[in-house]
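Shown next, in structure tokens, is the structure this report addresses.
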Amino acid sequence: MKKIFSILFISLSFFSVKADEGMWLVQLIGEKTYADMVKKGLKLTKEQLYSANKNSIKDAIVLFGGGCTAEIVSKEGLVFTNHHCGYGSIAAASSVAHNYLQDGFWAKSKQEEIASPGLSVQFLLNIEDVSDKVNEKIKDVPANELAAKLPGILATMSAKAAEGSGYEIRIGSFFKGNQFLQFTYQRYTDVRLVGAPPESIGKFGGDTDNWEWPRHTGDFSIFRVYMSKDGKPADYSADNIPYVPKHFLPVSIKGVKDGDFSMIYGYPGGTNRYETSYGVKLKIDIENPFTVSLRDARLKLMMTEMLKDPANKIQLASYYAQVANYWKFFDGETKQLIKYNVIEQKQKDEAAFEAWAKGKPEYDNLFANIKSAYDNWRPYAKHRVYITEGIMGSPLLAFAAGLRTLDAALKESPVNQEKINKSIVALKAAHGRFLNDENVTSDRNILAIVTKLFYTDIDASQRPQNFYTALKNTHGSLEKDETYENFAKQVFENTMILNKDKWAAFISKPDTATLHKDLAYSTAISFLNNFNDNYGKYFTDFNGATYALNKKYLKGVLEMKKGKAIYPDANQTMRISYGNVKSYSPKDGVNYNYVCTLNGVMEKYIPGDYEFDAPAKLIELIKNKDYGQYVDKATNDIVVTFITTDDITGGNSGSPVINAKGELIGLAFDGNYEALSHKIAFDKNLNRTICVDVRFVLFIIEKLGGAKNIIDELVIMKN
């Protein structure tokens, strides 16, 4: 394989890159950045951080599932990640009789480990700059069509590069399409559940404490990667053996002090640090507040059912957690963007750029054109939020919408039976997953409320008129809740999607007439077709224009600040960030310590509470101070969590927090509420990453779980 090797090195002083800000591509940590890491306390060489030819820390880091990070911590492929990253697999392994979400799970031997179908991990093997190849492919694509066509072009190039290799290849876009890098991965699909704390530890504090500090959540779970006997990736088999890693992280129980060096490896999912003021304004005014309100409505209806029955809780747990996490994030992001005047900061950046670009015709009217693109789209932006977060917030309608692929295939002339058969196979698999997760009562109530909210909140001229006319004719006044409740009841009682016999008959011999008579499908497409037919053009034009204009903006920035280093936006490629363990003061008169302990768990503990209960055995261990070798000398307690200044975002969940010597000291799992603008604007004073202390992880494994076998597998560093 080709080795790596070039990347843009630039700096944007007017973007105010500050200490500890930065999600750096691991393969090219610049000399200045590395020197700063050493100044902060790093004891490792650059080659120990990343090497294309030798084993290094990067070989212990995996992309976990669809969007988390995890780390290898033993020579037998043991993996640590967050509880919320393993949540879906833990829920899938659970039943009312064996409720691992509620009670926890600990495999006392490899034979007790539980297979996790659908779960995989990916190891990064290589990175190559392919900018010239991509630019050659796109040179004739009109600028305003690039946003729509580029994903397909990159996918085709990635597939071709992967042919015959046995690896997965993905080409990523950086600096708004001004650079392209090719990443080679190896995927392992036999991943098994090894351990998980009870939910009252793994989610202690629930939604109330989400994105908050102080924090007392034991957000961890444990898995193991398996391979075939000949050392290759393989699907689950009883004959598979534990994965033998190129590198694994030793675990330090020395503990942390305020000011200690820390670094985080991971796969941050997405930032938009170079967003314009116009994009920030749209987010503040429309995208975030309506996303929050629609998610709030859905969450309340799900929680009502979850509190009624443990079976409902297991069924809805993973989806609820997914929706809830960013419900609070979007709310906090809006407040912080406003509080810290981010629009004004962006406007200053844009003014500085215009001053530099004066006399350069390529950049004439750049921001006027960006403003025009946003002005043209703004009247329809709310409508789109109500489709994605409202109408498609009903799992039934979301599944029904997926039938459009089959519908289109059935209408083709001449008939393409191969395409129809492929669609049927995919739908059969998706239908099984849908039924497994579908809670009819909560979904029915969601459908009722989102169809009403669409009617009351979206401009009358933009509604699907045929749908609401039929609804009124069939069920009565569009102002009454019972109209929508009766309609939702009718949908759920009659859709073939929820009727085993009707579904089997349809999918064995599908036809468009039956499909369009189905009320769930006809409802879904009435909203989607209304948007796509009448307003989709505006969205396509908006995406095309803003992509081209933002690409040009970043191109100019690269020219303006050529030769100085800066990181590209996160895009789920491996990054390293670094900083220090550090306390902070979020407001006048308030100072937050850098650690939280079990003493704080007892202060929050409410027996039987949904969010602040704790296992009886944990309470007993705390009362007896049965802490073993994991006690923190400074506090004479167990440190549950600590905070650092490292720069992370979604996708870093489960990332290893590593000390100056390359040892695991914790797992990153959250950010703090005061800095929730971090996807767009990093705050050098308030940004903190919340990490579960590895000593607490080991304490729970050994003392509460009784899984000393897991402890014995680790390389534990005491000094």
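The values are calculated or read from the model by the stated rules, or taken from the named source; none is laboratory data. Source: prediction; values computed, not measured. Quick reminder, even Gly has a Cβ in these numbers, built from the backbone with ideal geometry, and neighbours come from all protein chains shown.
Tell me which of these F329 doesn't satisfy, since it passes every other one: (1) in contact with a helix residue (DSSP H, G or I) (Cβ under 8 Å, 6 or more places away or on another chain); (2) closer than 21 Å to G393 by Cα; (3) touching a residue at least 60 places away in the same chain (Cβ under 8 Å).
The one condition F329 does not meet is (1).
For the stretch 144-159, does any single residue satisfy the condition of being under 21 Å from P568 (Cα atoms), at pLDDT 95 or above and in contact with a strand residue (DSSP E or B) (Cβ under 6 Å, 6 or more places away or on another chain)?
yes
Sort through L676, L664 and tell me the only one that's crowded, with 22+ Cβ neighbours inside 10 Å, touching a helix residue (DSSP H, G or I) at 6+ places or on another chain (Cβ under 7 Å) and closer than 22 Å to L44 by Cβ. If you could, list the steps in order and put the result at the bottom.
Details: L676 fails: closer than 22 Å to L44 by Cβ.
Answer to the selection: L664.
Let me spell it out: the conditions are (1) closer than 15 Å to A317 by Cβ; (2) in a strand (DSSP E or B), and L124 meets all of them except one. Which number is the exception?
The one condition L124 does not meet is (1).
In the stretch 59-109, what residues are polar (S, T, N, Q), farther than 22 Å from D712 by Cβ and not in a helix (DSSP H, G or I)?
Of everything in the stretch 59-109, those that are polar (S, T, N, Q), farther than 22 Å from D712 by Cβ and not in a helix (DSSP H, G or I) turn out to be T69, N82, S94, S95, N99.
List the helices (runs of 4 or more DSSP H) inside the stretch 340-425, counting only whole elements, that have at least 1 residues being in contact with a Phe, Trp or Tyr (Cβ under 7 Å, 6 or more places away or on another chain).
Helices (runs of 4 or more DSSP H) meeting the threshold: 342-357, 366-385, 395-401.
Pick out the one residue from G259, G269, G255 that is in a loop (DSSP other than H, G, I, E, B) and either β-branched (V, I, T) or over 30 Å from Q629 (Cβ atoms) (or both).
Details: G259 fails: either β-branched (V, I, T) or over 30 Å from Q629 (Cβ atoms) (or both); G255 fails: either β-branched (V, I, T) or over 30 Å from Q629 (Cβ atoms) (or both).
Result of the check over G259, G269, G255: G269.
Does L410 count as over 27 Å from F290 (Cβ atoms) and in contact with a helix residue (DSSP H, G or I) (Cβ under 7 Å, 6 or more places away or on another chain)?
Spelling it out, L410 is indeed over 27 Å from F290 (Cβ atoms) and in contact with a helix residue (DSSP H, G or I) (Cβ under 7 Å, 6 or more places away or on another chain).
Residues N341, N376, N369: which one is among the polar types (S, T, N, Q), over 27 Å from F527 (Cα atoms), touching a helix residue (DSSP H, G or I) at 6+ places or on another chain (Cβ under 9 Å) and not assigned by TED's automatic domain parsing to the domain that holds N210?
On the way: N341 fails: touching a helix residue (DSSP H, G or I) at 6+ places or on another chain (Cβ under 9 Å); N376 fails: over 27 Å from F527 (Cα atoms).
That would be N369, the only listed residue that is among the polar types (S, T, N, Q), over 27 Å from F527 (Cα atoms), touching a helix residue (DSSP H, G or I) at 6+ places or on another chain (Cβ under 9 Å) and not assigned by TED's automatic domain parsing to the domain that holds N210.
All but one of (1) farther than 28 Å from G556 by Cβ; (2) outside any loop (DSSP other than H, G, I, E, B); (3) at pLDDT below 95 hold for R187, so report the exception by its number.
Result: R187 fails condition (3) only.
Of A162, A148, which residue is without any contact (Cβ under 8 Å) to a residue 40 or more places away in the chain, surrounded by fewer than 21 Cβ atoms within 10 Å (Cβ to Cβ) and under 27 Å from the mean Cα position of the chain (by Cα)?
On inspection, the qualifying residue turns out to be A162.
In this structure, is P233 in contact with a strand residue (DSSP E or B) (Cβ under 6 Å, 6 or more places away or on another chain) and closer than 25 Å to S51 by Cα?
Judged against the criteria, P233 is a match.
Let's see how each residue does on (1) within 28 Å of A460 (Cα to Cα); (2) surrounded by 15 or more Cβ atoms within 10 Å (Cβ to Cβ); (3) in contact with a His (Cβ under 7 Å, 6 or more places away or on another chain):
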position: P379; (1), (2), (3): yes, no, no
position: H383; (1), (2), (3): yes, yes, no
position: I387; (1), (2), (3): yes, yes, no
position: L406; (1), (2), (3): no, yes, no
position: E412; (1), (2), (3): no, no, no
position: V415; (1), (2), (3): no, no, no
position: I420; (1), (2), (3): no, yes, no
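Given the conditions (1) within 31 Å of the chain's Cα centre (by Cα); (2) free of Cβ contacts under 8 Å to residues at least 60 places away in the same chain, report the number of the one that E559 does not fulfil.
Of the numbered conditions (1) within 31 Å of the chain's Cα centre (by Cα); (2) free of Cβ contacts under 8 Å to residues at least 60 places away in the same chain, the odd one out for E559 is (1).
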